[in-house]
1. Looking at Gly143, is it exposed (fewer than 14 other Cβ atoms within 10 Å of the Cβ) and of a type in the set (Gly, Ala, Ser)?
2. Are any residues in segment 1-52 acidic (Asp, Glu) and closer than 27 Å to Gln121 by Cβ, and if so, which ones?
3. So, in segment 97-129, of the ones that are within 11 Å of the ligand (Cβ to nearest atom) and assigned to a helix (DSSP H, G or I), which residue ends up surrounded by the fewest Cβ atoms within 10 Å (Cβ to Cβ)?
4. Please state which one of Glu123, Glu177 is at pLDDT 90 or above and touching a Phe, Trp or Tyr at 6+ places or on another chain (Cβ under 8 Å).
5. Mind checking which residues of segment 132-153 are more than 15 Å from the ligand (Cβ to nearest atom) and outside any loop (DSSP other than H, G, I, E, B)?
6. More than 30 Å from Gly53 (Cβ to Cβ) and β-branched (Val, Ile, Thr): is that true of Ile156 in this structure?
7. Out of the residues in segment 154-174 that are surrounded by fewer than 16 Cβ atoms within 10 Å (Cβ to Cβ) and within 16 Å of the ligand (Cβ to nearest atom), state the one that is nearest to Leu90 (Cα to Cα).
8. Please list, ordered by first then second residue, the pairs with beta carbon atoms under 9 Å, 6 or more apart or interchain, first in segment 103-116 and more than 13 Å from Ala25 (Cβ to Cβ), second more than 11 Å from the ligand (Cβ to nearest atom).
Amino acid sequence: GRYSDLPERFPSIAHFHSVRLNQPASKFYNTDFLKSLCDLWNYRGSGMLNLHGSTGDIILLGTTTEQLEPIFFEVTHVMDQDIGGSGSNLRTPSCCIGKARCEWALYDTQEMCYEMTNYYQDELHRPAFPYKFKFKFDGCPNGCVASIARSDMSFIGTWRDDIRIDQAAVQAYINGEYAPNAGAHAGKDWGKFDIKKEVLDLCPTKCMWMEGGELKIDNAECT
Ligand code: SF4
């Protein structure tokens, strides 16, 4: 909650509370929901929204104390939307778009975010910590929700076993049967595909090499 120190001089912002709503996993909305949210906030608040805060929540900016309970009731009972975490508690967990739309997802980030949000409801809604605490779920090391930088406990999808190599496909690339980069640069003649120059030497940890005509990968060194 926020109150002005000078309510007589600035009566229209004597109160300026923010409300956090728990965003849906990966921030998928339909237009009905967004219209209801805008109507609610035009009626009971300033009409200004922040989609989204760095925690991930939908943030409704600016309302007065007497509006808080009606907003809570409308959001939770009519719109089926929970409030988010704020203050010294577990903040609203958030996840990348994951396997809903991303080919790199190595686990179901939305499912995990949903489970953890439900499991830790008390910690989310009743501040009991000395400081805020955040979970974030990245489906792979590309880190689209920046879980390392922006949370206290990051969950990042990674390989569970050794990388599997289709040696026949590697040979097909080397022999020119498959277009390099899926044909993305086919408009220009770049010369013959060079696995050393175009793949092996580009690895920052130099974890790959050719041996006896086969591609080898030192799994522990793979980034
Ligand atoms: S973190 Fe990985 S899985 Fe998640 S959206 Fe980004 S690239 Fe896709």
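1. For Gly143, the condition - exposed (fewer than 14 other Cβ atoms within 10 Å of the Cβ) and of a type in the set (Gly, Ala, Ser) - is not met.
2. Taking segment 1-52 as the starting set, the residues that turn out to be acidic (Asp, Glu) are 5, 8, 32, 39.
The one that is acidic (Asp, Glu) and closer than 27 Å to Gln121 by Cβ: Asp32.
3. Of everything passing the filter in segment 97-129, Ala100 is surrounded by the fewest Cβ atoms within 10 Å (Cβ to Cβ).
4. Working: Glu177 fails: touching a Phe, Trp or Tyr at 6+ places or on another chain (Cβ under 8 Å).
Every option except Glu123 fails the conditions.
5. To start, the set of residues in segment 132-153 that are more than 15 Å from the ligand (Cβ to nearest atom) comprises 132-134, 152-153.
Scanning segment 132-153 gives Phe133, Met153.
6. no
7. To start, the set of residues in segment 154-174 that are surrounded by fewer than 16 Cβ atoms within 10 Å (Cβ to Cβ) comprises 158-169, 171-172.
Subset that is within 16 Å of the ligand (Cβ to nearest atom): 158-160.
Values: Thr158: 25, Trp159: 28, Arg160: 28 Å.
It comes out as Thr158.
8. Leu106/Trp159; Leu106/Arg160
The values are calculated or read from the model by the stated rules, or taken from the named source; none is laboratory data. Bear in mind the structure is a predicted one, so any value in this text is a computation, not a measurement. Counting neighbours? That spans all protein chains shown, and the Cβs are built from the backbone with ideal geometry, glycine included.
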